[in-house]
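Okay, so here's the structure we're looking at.
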Amino acid sequence: YCMLDSSNANIEYSLDAGVFVLKINRPEKKNALLPGMYSALAEGLRWADNADDVRVTLIRGVDNCFTSGNDVNGFVSNDSDSSQGRPSQDLMHALNDSKKPIVAAISGLAIGIGTTLLFHCDLVYASRDCFLQMPFTRLGLCPEAGSSYLLPRQLGHQRASEMLLLGDRMSAEQARDYGVVNEVLDQAEYLDYAITKAQQLAALPADSVQTSKRLIKTGSPEATRAVINDELVEFNRLLQTPEAQAIVQAFLAKSAAK
């Protein structure tokens, strides 16, 4: 039972034994994220960070889809002034600011923000059929969510470049080999396994766990915060280029024809 009601019907909150679960639930659109969903995710993370009875946050999707990323319609309709920031930016900062450990359970698609948010998570468990992709350059865009800073530090320059410049699909196994994912499990097991790990973490002394997380991330949150903002300036600039607009329009036309 959770004191906090989500502000968005596609984002569900629940709390059990110190584990706060954020569930992305928009299966009919492959869990594509709309501005209100970003806001609800960010609000949930910030609430959890300040709630005494929350020890760990677990982010999950539906059983066969984590998230296909940003709803592309948002790229067209959301021409808001970039200096005001976007709900997606709130989520990126909430992830980066979180003092409490974050666990992710992923299956099916983990695309765009579905992959970049993982670099802010402390433990990531994937189903065997899951694939990850950051297709930013294929859309005429650039990385976001601090990934251009976090990924090279985590994987090394060449592997980060492979993922961010080429934008290829990556299997769950390859993601584990690269160090993006902790473990790969069968579809029937991945979620229970992730919840068990989150519960193990929640059972440990909270001050000890949060202090350890802070020490592990020494220097990173401050640098990441600046990069998130820098990336979004470039992202918004690139979104206005003829190349990006043509790719987005072609994508929408193809979707409409289905």
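The values are calculated or read from the model by the stated rules, or taken from the named source; none is laboratory data. Worth saying up front: this structure is predicted, and the values here are computed from it rather than measured. Heads up, the Cβs are rebuilt from the backbone with ideal geometry, glycines too, and the neighbour counts pull from every protein chain shown. Only protein heavy atoms, including side chains, enter the accessible area calculation; ligands, DNA and RNA are left aside. Shrake-Rupley method; radii C 1.70, N 1.55, O 1.52, S 1.80 Å.
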Expressed as a percent, the accessible surface of segment 1-75 that is carbon or sulfur, using a 1.4 Å probe and the full set of protein chains, is 46
Asp207: net charge of surrounding residues, Cβ under 13 Å, Lys/Arg +1, Asp/Glu -1, itself excluded?
+4
Just going by the charge dipole of segment 185-247, with Lys and Arg at +1 and Asp and Glu at -1 on Cβ, which of Ile195, Gln245, Thr224 is farthest out on the positive end?
Thr224
In debye, nearest 20: dipole of the chain around its Cα centre with unit charges on the Cβ of K, R (+) and D, E (-)?
280
Long-range amide H contacts for Ser6: which residues qualify at under 5 Å (H placed 1.01 Å from N, peptide plane, sequence gap of 5 or more or a different chain)?
Tyr13
Where is the GNM fluctuation largest for the chain (alpha-carbon springs, 10 angstrom cutoff): Glu183, Glu243, Glu12?
Glu243
Rg followed by Dmax, in Å, when segment 109-187 is reduced to its Cα trace:
11.4, 35
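Once you sort the root eigenvalues of the Cα gyration tensor of segment 82-151 as a ≥ b ≥ c, which label holds: rounded (a/c under 1.5), prolate (a/b larger than b/c) or oblate (the other case)?
Details: a/c = 2.15, a/b = 1.15, b/c = 1.87.
Oblate shape, in that a/c is at least 1.5 and b/c is the bigger or equal ratio.
Write down the percent of antiparallel bridges among all DSSP beta bridges whose residues are both part of the chain, to the nearest 5. Mind showing how you got there, number by number?
Values: 9 of 30 bridges.
Bridges in the chain are about 30 percent antiparallel.
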Estimated inter-spin distance, Arg138 and Glu189, nm [label 7 Å along Cα→Cβ]
3.0
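Give me the net charge of Arg46's neighbourhood, meaning all other residues with Cβ under 10 Å from the Cβ of Arg46; Lys, Arg count +1, Asp, Glu -1.
-4
Taking 0.36 nm per residue of sequence separation and subtracting the Cα-Cα distance, how much length would be gained by fully extending the chain between Thr218 and Ala257, in nm to one decimal?
Values: separation 39, 0.36 × 39 = 14.04 nm, distance 4.90 nm.
My answer for the length gained is 9.1 nm.
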Sum up the lysine pairs in the chain that clear both bars: alpha-carbon distance under 25 Å and a spacing of 8 or more or different chains.
16
If a/c stays under 1.5 just call it rounded; otherwise compare a/b with b/c (prolate if a/b is bigger, oblate if not). Do that for the chain, with a ≥ b ≥ c from the square roots of the Cα gyration tensor eigenvalues.
rounded
Gain upon complete extension [Glu162, Asn229; 0.36 nm per residue less C-alpha separation]
21.8 nm
Rank-order 101-113, 163-175, 120-132 by packing density, defined as the average count of other C-beta atoms within 10 Å over each peptide's residues, highest first.
101-113, 120-132, 163-175
Residue by residue, what Karplus-based ³J(HN,Hα) values in Hz, rounded to whole numbers, does segment 31-43 have, using 6.51, -1.76 and 1.60 with θ = phi - 60° and x for Gly and Pro?
6, 5, 8, 9, x, x, 6, 4, 4, 5, 5, 5, 4
